[in-house]
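What follows is one structure encoded as structure tokens, with my remarks underneath.
The values are calculated or read from the model by the stated rules, or taken from the named source; none is laboratory data. No experiment lies behind these values; they were computed from the predicted model shown. Counting neighbours? That spans all protein chains shown, and the Cβs are built from the backbone with ideal geometry, glycine included. Side chains included, ligands, DNA and RNA excluded: accessible areas come from the protein's heavy atoms. Shrake-Rupley method; radii C 1.70, N 1.55, O 1.52, S 1.80 Å.
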Amino acid sequence: MRTFKLQVQVTADGYMAGPNGEMDWMTFPWTDDINAYIDALTAPVDCIVLGRRLAEGFIPTWAAGPEGEDRASIDKMNNTPKVVISRTLTASPWENTVVSDDLAGTVQELKSKPGGDIIAYGGGTLVRDLIAQGLLDELHLFVNPTAIGAGMPVFPHTDAYQHLRLVTARPFDCGITALHYEPKRP
């Protein structure tokens with residue numbers, strides 16, 4: 001089976017966005033060491049899963065070729081097939097992208113097909129549901145050296161603990177630390 005991993009930016013106090021979706025707390029510019037780490041993390045990826053709200057900004061931004069990104073990264077992002085999880089879209093307005101409203105079924109179908117890794121970049125509802133439903137094989141939390149006090153938590157409030165095993169922790173010159181976890185399965 002393919003590996004399904006999450007890559008998400010997070011504050012030191014566990015939020016992926018501020019109370020109104022703010023992302024101005026993220027650390028930039030990134031340094032060469034974190035760029036190399038992310039390149040290695042995404043090299044085996046051949047499918048991207050996004051929530052609708054994130055997709056609405058993510059896909060057009062990469063299609064336009066974001067400033068500061070090299071051509072190889074832009075081409076990889078644009079050429080990698082995407083699945084957008086949405087309860088409101090019925091068809092994809094984007095190239096190389098399909099839409100589904102069945103999160104668990106879609107993830108199970110993707111994982112059962114041959115291919116490389118699958119990565120989710122988030123969106124608050126998608127991340128919450130992936131974690132709550134136990135659909136991820138790996139969590140890659142990029143902890144920014146900022147605490148914001150309130151916002152959209154990475155981990156959903158459920159009646160069960162989220163038991164994780166730390167695989168690696170890697171600090172970078174820009175101040176971000178990558179925490180690579182795997183869920184502990186009963």
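For segment 1-126, the per residue solvent-accessible surface stands at 51 Å², with DNA, RNA and ligands left out and a 1.4 Å probe.
Let me test this: with uniform point scatterers at the alpha carbons of the chain, what is the Debye-based log₁₀ I(q)/I(0) at q = 0.10, 0.12, 0.16 1/Å? At q = 0.10, 0.12, 0.16 Å⁻¹ the computed log10 ratios are -0.39, -0.57, -1.09. The length gained by stretching the chain between residue 46 and residue 23 to full extension, at 0.36 nm per residue less their Cα-Cα distance, is 5.6 nm.
Among DSSP beta bridges lying fully in the chain, give the percent that are antiparallel, nearest 5. DSSP beta bridges in the chain are roughly 40 percent antiparallel. Computed over protein heavy atoms with a 1.4 Å probe, the carbon and sulfur contribution to the accessible area of the chain reaches 52%. Here the Debye sum runs over all C-alpha atoms of segment 77-145 as equal scatterers in vacuum, and log10 of I(q)/I(0) at q = 0.16, 0.29 Å⁻¹ comes out as -0.62, -1.59.
Of the peptides 105-114, 140-149, the order by per-residue mean of other Cβ atoms within 10 Å, starting with the highest, comes out as 140-149, 105-114.
For the pair residue 112 and residue 71, label points projected 7 Å from Cα toward Cβ lie 4.1 nm apart. Adding -39500 (n - 2.57) for every DSSP H run of four residues or longer, then dividing by how many residues the chain holds, sets the calculated 222 nm ellipticity at -8500 deg cm²/dmol. Shape analysis of segment 1-93 based on the Cα gyration tensor places the equivalent ellipsoid semi-axes at 21, 20, 15 Å, largest first. Between residue 147 and residue 177, full extension at 0.36 nm per residue minus the direct alpha carbon distance yields a gain of 9.4 nm.
Here's the list of lysines a cross-link from residue 184 could span, going by alpha-carbon distance under 21 Å and ignoring same-chain residues fewer than 8 apart: 5, 111.
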